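The values are calculated or read from the model by the stated rules, or taken from the named source; none is laboratory data. All of these numbers come straight from a predicted model, not from anything done at the bench. Cβ placement follows ideal geometry from the backbone for every residue including glycine, while neighbour counts extend to all protein chains displayed.
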Amino acid sequence: MIPELGNFALTLAGVLALGAGGVGLVAPRDEVMQRAAQSMVLGQWSFSFLAFAALTYAFVLDDFSVAYVANHSNSLLPWIYKVSAVWGGHEGSFLLWILIMGTWMLAFCLRSGQYPQHFTTRAIGVLSLLNLGFICFALFTSNPFLRLIPLTPADGADLNPLLQDFGLIVHPPLLYAGYVGLAIPFALAVVALLEGRIDATWARWTRTWTNMAWAFLTCGITLGSWWAYYELGWGGWWFWDPVENASFMPWLAATALVHSLSVTENRGTFKSWTLLLAITAFSFSLLGAFIVRSGVLTSVHSFAVDPERGMYILIFLALVVGGSLTLYALRASQTQVKVSYGVLSREFFMLINNVIMVVSLAVVLWGTLAPIGYEAISGGRISIGTPFFNAFFVPLGLLLLCALAFLPVLNWKRTKTQVLNSVYQAMAIAAVIGVLVWFALDPATILVAAAVALALWVVITHLKQLVFRALRGSLPAAFIGMTLAHLGFAMGTVGIAITATQSVESDVRMSPQSQVELAGQQVTFTGVTNVKGPNYEAQQGIFILTDPDGRNAFELRPEKRRYLAGGNVMTEAGINPGFFADTYISLGEPLEGGAWAVRLHYKPLVRWVWIGALLMALGGVIAVFDKRYARQRRRVAATQGSAATA
Amino acid sequence: MSRASLYIPLGVFVLILGLGYVGFDLGARNELPSALIDKPFPEFQARLLDAPDQTLSREDLLGRPALVNVWATWCPTCLSEHAQLMQISAATDVVIVGVNYKDRPDKAKQWLAQYGNPYDWVLDDRDGLLGIEMGVYGAPETFLLNAKGEVVYKRVGDINPRIWRDELAPRLRQLGIVMTMDNTDTGAD
């Protein structure tokens, strides 16, 4: 009964989405209709929530008559994973997507007092139509409420053990919040094109939503990378897997958008470019969904291969992206403004950022789609791997660091060349340290030394300007946010450069009580014991890490788990995490005589990659709390108040 | 930017969309690959369900083609493909080996008694160890072995009339299996 109610609630949400979409596009200026659209957004959210709650209920109560529950849960599963299993498969994760879409729309309505009502109502209309597309997709091609009656199984097939993990509980919601959040700048761009109106207020407003969505996306990708690192047992944190690329592409577009919005807000230029980026960023979210869900590219992440779903998404993509780009082609020329600026200006450096982001985007897109094109033409299969991406991302990253180092001292329009002296001083310091790093590295690589030196340069110029501004007493939140994000980027780059080149990996055969040396530590294998988890049995290896003189013992217990319900065998790595380095051990296969194949990794600065990314996200959020946005809200509230009394 | 250049993004998108369509078309034709395709079926030794003191091993499958079908009583899809297996068993002389996967023997015997037994042998794999060797994703799964004991085809999911007609029957015929019915389209019900 409850699952049927969930299905019904989802249908109602779809009807309300259709209603709000119609109102938003047909009668955006009618005051009654405006209020109706807003209440229909509340309705969409409420019914999506009910549908989601119904599915959760079926999971918690082990209702295996629901096919989706039977395929993704098991009575032995710990309750926390029963809840997270709701989004452990395709159908349920799409329901989560819809709930998050509803939540963003609701937030958008609640914070819509800042802009003309008809503009907001139109944006609600665009968002509701998108939501309608999502809901129809769920109802017609991936319904999570379908029953297995009368062939109800006695127990479920279990959740994929890879996904029985804290990382999975939080990774999809954050990632989806980022993907779906980009729908708001998209909707605002579409309405701006429809109305032919784009100004500083529009840019400021769009920026808030873009920053928030971008921060979620950043956190989601970071968590995914961290999860892959400790759960897949390969010791890597980024694989240029098509599904990772699918999340990286909207991130690159959104990063460009965050910056170009800043130019549009402050200088009134880059307008049509900003609109295009807003459309692009969300389009890549949808393309990501298509890539992951349709089975065009098979990968560890794909949940299911279903031609019907792929075709639906392809048509939806054609309508949404094709429609908005056609609108862009027809209307964007109205927004052209000619504004002049020098080379030594923020505008120009933002342009550099945007060019680098778009080139990166093109590289990732090519790397993801070229294998398909190749297969279509020749029938063979190729795979584009890390060397291809490195060939582009190493120089692009270094170039971006160079540009970043100048940014703190630059003004809008033009900057006096004298202020660059401090940038050059910082460069000299960084260069000296870079040379030292070069000599210290083993194996010595000039590119890694360059990355460290350039990152240091960025850190010095940013911190110097931060202190300078703090002393002068003008330290807006936007500047703090920008500084944090740029420091995060520098930190992440250092982490990537060092961990990619300085890691030590060895696959060894270890018998009990044997020792090996790993990057200055003694690793002692004491043996394997059997342990029992709630829904798995595991062989647990016990390793003791010590300094060469036998002090500072630390125990690592990597496991090889066999899950009872599905019989899947999983590797659970043992990690000794550290700010400066991780030691990572995973169990391979048992060999004769009680020995095991063991994979040992020493990964310096690997955590800097994730800490850097989180700093970027934090910076994006802090920038939203800048006073000028609060001022704008107050001003709008005041004008509305006076209008009401008049 | 000139007006015409505003159409560039749309053009790029149409190009990508076309590629997506082509890739999608290709993707739909892919079968789920198995690491075992064209490789020898793994060595095994498993007890027979109805005679626990006897075992079957890989050598017993050599000399003629065989279908190895992974099934369980807890698997609804297995029940839905069961009628198809009964027809295959009646209409051809191919050896069918059932792997009773992660199941209880008493339930399995009762199931076979109730719905009929299409299998020449049923192996008791109650702890799923043979399933791991075979790289089983879930039940049902069906492997087609040639006379040399090599896996020539693997089906993840049920053997339905369409799979029988398009995938399995032609391969069986190629391996020299005699179809005693005049129409291979057994399950056109």
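In table form, for the structure just shown:
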| read-out | value |
| --- | --- |
| Members of segment A:365-384 that are in a helix (DSSP H, G or I), of a type outside the set (Ser, Thr, Tyr) and modelled with pLDDT under 75 | A:PRO371, A:ILE372, A:GLY373, A:GLU375, A:ALA376, A:ILE377 |
| Hits in segment A:332-364 (condition: modelled with pLDDT of 90 or more and among the polar types (S, T, N, Q)) | A:ASN353, A:ASN354, A:SER360 |
| Among residues of segment A:145-169, those that are out of contact with any strand residue (DSSP E or B) (no Cβ under 6 Å at 6 or more places or on another chain) and more than 12 Å from every other protein chain (Cβ to nearest Cβ), counted | 11 |
| Qualifying residue in segment A:474-492 (condition: within 27 Å of A:TRP438 (Cβ to Cβ), aromatic (Phe, Trp, Tyr) and crowded, with 16+ Cβ neighbours inside 10 Å) | yes |
| Options A:PHE303, A:PHE290; residue that is in the same structural domain as A:VAL358 (by TED's automatic domain parsing), of a type in the set (A, V, I, L, M, F, W, C), outside any helix (DSSP H, G or I) and modelled with pLDDT under 70 | A:PHE303 |
| Odd one out for A:GLU589 among (1) within 14 Å of chain B (Cβ to nearest Cβ); (2) surrounded by fewer than 19 Cβ atoms within 10 Å (Cβ to Cβ); (3) in contact (Cβ under 8 Å) with a residue 40 or more places away in the chain | (3) |
| Flag if A:PRO153 is more than 29 Å from A:LEU319 (Cα to Cα) and either assigned by TED's automatic domain parsing to the domain that holds A:GLY310 or part of a loop (DSSP other than H, G, I, E, B) (or both) | yes |
| Unmet requirement for A:SER75, which otherwise passes all of (1) polar (S, T, N, Q); (2) within 29 Å of the chain's Cα centre (by Cα); (3) surrounded by fewer than 17 Cβ atoms within 10 Å (Cβ to Cβ) | (2) |
| Segment A:385-421, subset at pLDDT 85 or above, of a type outside the set (A, V, I, L, M, F, W, C) and closer than 19 Å to A:ALA485 by Cα, residue surrounded by the most Cβ atoms within 10 Å (Cβ to Cβ) | A:PRO408 |
| Wholly enclosed helices (runs of 4 or more DSSP H) of segment A:37-125 bearing at least 2 residues among the aromatic types (Phe, Trp, Tyr) | A:79-84, A:90-110 |
| Total residues in segment B:44-62, condition assigned to a loop (DSSP other than H, G, I, E, B), exposed (fewer than 14 other Cβ atoms within 10 Å of the Cβ) and touching an Asp or Glu at 6+ places or on another chain (Cβ under 8 Å) | 1 |
| Lone unmet requirement of (1) surrounded by 14 or more Cβ atoms within 10 Å (Cβ to Cβ); (2) more than 19 Å from B:GLU141 (Cα to Cα) for B:ALA90 | (1) |
| Any hit, segment A:170-178, residues being touching a residue at least 24 places away in the same chain (Cβ under 8 Å), assigned to a helix (DSSP H, G or I), surrounded by fewer than 18 Cβ atoms within 10 Å (Cβ to Cβ) and more than 13 Å from chain B (Cβ to nearest Cβ) | yes |
| Selection within segment A:538-593 - of a type in the set (Lys, Arg) and out of contact with any strand residue (DSSP E or B) (no Cβ under 6 Å at 6 or more places or on another chain) | A:ARG551 |
| Pairs where the first residue, in segment B:1-30, is at the interface with chain A (Cβ under 7 Å from one of its Cβ atoms) and over 30 Å from A:THR269 (Cβ atoms) and the second is loosely packed, with under 12 Cβ neighbours inside 10 Å and modelled with pLDDT under 85, C-beta under 9 Å, 6+ apart | B:LEU26/A:GLY379 |
| First in segment A:421-437 and within 16 Å of A:ALA403 (Cα to Cα), second anywhere and among the β-branched types (Val, Ile, Thr), Cβ under 8 Å, 6 or more apart | A:SER422/A:VAL409; A:SER422/A:THR461; A:VAL423/A:VAL409; A:VAL423/A:THR461; A:ALA426/A:ILE460; A:ALA426/A:THR461; A:ALA430/A:ILE460 |
| Residues of segment B:102-152 classified as more than 14 Å from chain A (Cβ to nearest Cβ) and among the β-branched types (Val, Ile, Thr), total | 4 |
| Positions within segment B:81-105 being in a helix (DSSP H, G or I), over 19 Å from B:LEU130 (Cα atoms) and more than 14 Å from the chain's Cα centre (by Cα), in sequence order | B:ALA83, B:MET86, B:GLN87, B:SER89, B:ALA90, B:ALA91 |
| Residue in segment A:504-515 that is in contact with a helix residue (DSSP H, G or I) (Cβ under 9 Å, 6 or more places away or on another chain), free of Cβ contacts under 8 Å to residues at least 60 places away in the same chain and not charged (D, E, K, R) present | no |
| Criterion: modelled with pLDDT under 90 and under 16 Å from A:TRP97 (Cβ atoms) - qualifying residue of A:LEU182, A:LEU174, A:LEU168 | A:LEU168 |
